[in-house]
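See structure below.
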Amino acid sequence: MRLLRVIFCVLAASVTGCPEGDDDAGPDADADADSDADSDSDSDADGDADSDTDADTDADGDTDADGDTDADGDADSCEGVVCSDLDGPCSVGVCDPADGECDVDAINENEPCDDEDPETYFDACSDGACSGDLCEPDANEEDDVLGDATAIGVGMTEVLTLCPDDPDFFRIDTDLVAVQTYEIETSDGAGGCSVDTVVTAWAADGVTLLDDDDDGGSVGNCSLAKASAESGSPILIGVTGFDELELGPYALEVRRATEVEPNDVVEDATDPDRGDLGLLGGFGQPGDVDFFAIDVTGSCGGRVTVETSDGQGGCAADVRVTLFDPDGETELASDGGEGRCGALTEVVGPGLHFVRLDEVGGDETGDYHVAAIVEDIDGRPEAEPNDSLETATSSPVGMVCGSIDPAEQDDDNFSFRLRCGGDITVRADDGFGGCGTGTSSVGLRLFDSGGVELVPGSGGDGQCPLIDPEVLGGAANLTAGLYYVEVTDWDNNAAVPRYYVYITSSEVDAEPNDTIADAAGPFDATFAACGWSAEGSDVDLYELTVADGANVRVETVADGGDDCPMDTVVQLLDADGLALVEDDDGGGDVCSLIDPAEDAPAADLAAGTYFVAVRAYGQNAVGPYRLDVQIGQ
């Protein structure tokens, strides 16, 4: 049979040709038939099924690509299947051709992601899923409130955990005999920064803010706060996340602040960032000199006290302290101290001052502790020229400051306004209630708005000068209006490098009146009151007795001009002290106004007791105000 097939191919070669060496000359073994679309038995020259695209089978005998199976003979199970709903930060959806089902392929392995769980941190991709470590507060934690602050000392804490709504509070118990400055810094405990923290430092009362910092740390978004306290007075520390979603591990390091070398010239002075400081330092070699910068931020300067010690009550080195003016050259005071410790106290003007420390003999080395305290003095500084009433420095009632140079025939004048009238008291002192050097040579005079002298002068008796309305009638029972105080050198022969003059009046509200029990009044008819808003949370309360159906109009007003002397906030309170209505800037300029025509809670009141509260808009605002209250139908 094989012989006959070979003979047939030879005879037919001239017509169709035969395959060379093809043992399988018959139809394709994979096909069900060798026929094409036009014939049931038609085959190609090779004897295989026709490869025409209209055929039901392809060259391999499988179903054609346009048919039910693919080139390998398998069904195309993923056609039309969509898996994108499985896509995520750690995965991508793909179709499995074996069964047409959607599977997940992992991507971004170990890369950061967000599992949208606020209780986890360090979220990362792992095997196609996003997950993180569960945030669990530290074991036995009791520091979620300031009163339960955890005591810590100098050094690094263990790694702690910051969780949502889980602030951590700490207490540093100071142990040196003088003021000490501490640096409080967050990190991850290994030189990095994994949590965006905020560090806040308070004094022992838990209210007085010493410092706060967000991103001042040495790494990333970690924090660095600096705080000073006297020995035995704790520093309270709070650590929170930058926002409520910030969480994770952190460590807290507490360091005693030290001098920064080189600091042997003014230009390289160690800067503590604030006037109060308590630093550890030392004379590393004979003749070593150390400079420190002290910032006096009071508008009228402040009192600077500098002391040295060994930090434990003794004096290891024989230290001399010298205080310089902001120019770094003018010497203001110097002291070699007793028992090898240097110390001085001086009232100075505002600005950056410098302290130089050197070893008295210049031949010793040794460590020391230097502590400096700055007590700021705030008031209205003179503005030259102000040597006449016409050029007087405008000032609210309160403290004013300046200096007098008799060589220039220098006189300083200040104008102020009584808003309600009353008595005026004027006194001069050293800024702290005493008669410092030069203060007793200051003279004071009082004038009315027309330049008429009301009090001819006070001073020259070796005491702090004083205009007392009970002694000098020209300062008593004055009407509302503009007045002037002149400050002179009483003997016209000595310079007054710095003076402080206090102007007060009887119209200023009598403190304390910041509680309902101490409220001024009661008032049952229209009245005007003058008050003084002190720095911080000071509030002045006035009690009203109101008839049934009455309206109450409350306004703080300017003193004849368009500008309010004080940015106020006023409230109308019920008998229990609950606010019925509040206003900030409803009046002229930044004055306040509660108008019953616009503010319904102040209209048609039930008979009873009410209160008006006045406070400054800002926590740091200080100044006078006039309050007008109308009670009627």
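The values are calculated or read from the model by the stated rules, or taken from the named source; none is laboratory data. This one's a predicted model, so the numbers in the text were calculated from it and none came from an experiment. So basically every Cβ, Gly included, is an ideal-geometry build from the backbone, and we count neighbours across all protein chains shown. With ligands, DNA and RNA removed, areas are computed over all heavy atoms of the protein, side chains included. Shrake-Rupley method; radii C 1.70, N 1.55, O 1.52, S 1.80 Å.
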Here are some residues: R380, R356. Which one is open to solvent by 60 Å² or more (accessible area, probe 1.4 Å) and within 26 Å of Y182 (Cβ to Cβ)? R356
Kindly provide the set of residues from the stretch 138-159 that are at pLDDT 85 or above and either part of a loop (DSSP other than H, G, I, E, B) or within 22 Å of the chain's Cα centre (by Cα) (or both), ordered by number. A149, G153, V154, T157, E158, V159
Starting from residues that are out of contact with any strand residue (DSSP E or B) (no Cβ under 6 Å at 6 or more places or on another chain) and in a loop (DSSP other than H, G, I, E, B), keep the ones in the stretch 441-456 and report whichever is nearest to R498 (Cα to Cα). G451
Can you pull out every residue in the stretch 529-552 that is modelled with pLDDT under 80, assigned to a strand (DSSP E or B) and open to solvent by 50 Å² or more (accessible area, probe 1.4 Å)? W532
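Can you give me the number of residues within the stretch 457-483 that are in a strand (DSSP E or B), closer than 20 Å to T393 by Cα and either open to solvent by 30 Å² or more (accessible area, probe 1.4 Å) or at pLDDT below 90 (or both)?
Let us first name the residues in the stretch 457-483 that are in a strand (DSSP E or B), namely 457-458, 466-467, 478, 481-483.
Of the ones still in play, those that are also closer than 20 Å to T393 by Cα are 457, 467, 481-483.
Retained after the next criterion (residues that are either open to solvent by 30 Å² or more (accessible area, probe 1.4 Å) or at pLDDT below 90 (or both)): 457, 481-482.
Number of matching residues: 3.
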So N263 fits all but one of (1) open to solvent by 20 Å² or more (accessible area, probe 1.4 Å); (2) assigned to a loop (DSSP other than H, G, I, E, B); (3) not charged (D, E, K, R); what number is the exception? (1)
Pairs, please: C-beta under 7 Å, at least 6 apart or cross-chain, first residue within 18 Å of Y483 (Cβ to Cβ) and in the stretch 384-406, second at pLDDT 90 or above and of a type in the set (G, A, S)? N386/A392; L389/G451; A392/S415; T393/A383; S394/S415; S395/S415
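Considering only residues of the stretch 329-345 that are of a type in the set (D, E, K, R) and within 19 Å of C315 (Cα to Cα), which is modelled with the lowest pLDDT? Quick ask: steps written out before the conclusion?
Just the residues of the stretch 329-345 that are of a type in the set (D, E, K, R), to begin with: 329, 331, 335, 338, 340.
When the remaining residues are screened for being within 19 Å of C315 (Cα to Cα), the result is 335, 338, 340.
On the way: D335: 89, E338: 62, R340: 80.
Taking the candidates together, the pick is E338.
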Restricted to the stretch 74-105, and to residues that are open to solvent by 90 Å² or more (accessible area, probe 1.4 Å) and under 28 Å from E116 (Cα atoms), which residue is modelled with the lowest pLDDT? D85
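Take the residues of the stretch 116-137 that are among the charged types (D, E, K, R) and either farther than 19 Å from D243 by Cα or open to solvent by 40 Å² or more (accessible area, probe 1.4 Å) (or both): which is modelled with the highest pLDDT?
D127
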Restricting to the stretch 393-417, what's the tally of residues that are out of contact with any Lys or Arg (no Cβ under 8 Å at 6 or more places or on another chain), modelled with pLDDT under 85 and in a strand (DSSP E or B)? 1
Selection over the stretch 367-392 where residues are in contact with a Lys or Arg (Cβ under 8 Å, 6 or more places away or on another chain) and modelled with pLDDT of 95 or more yields a count of 0
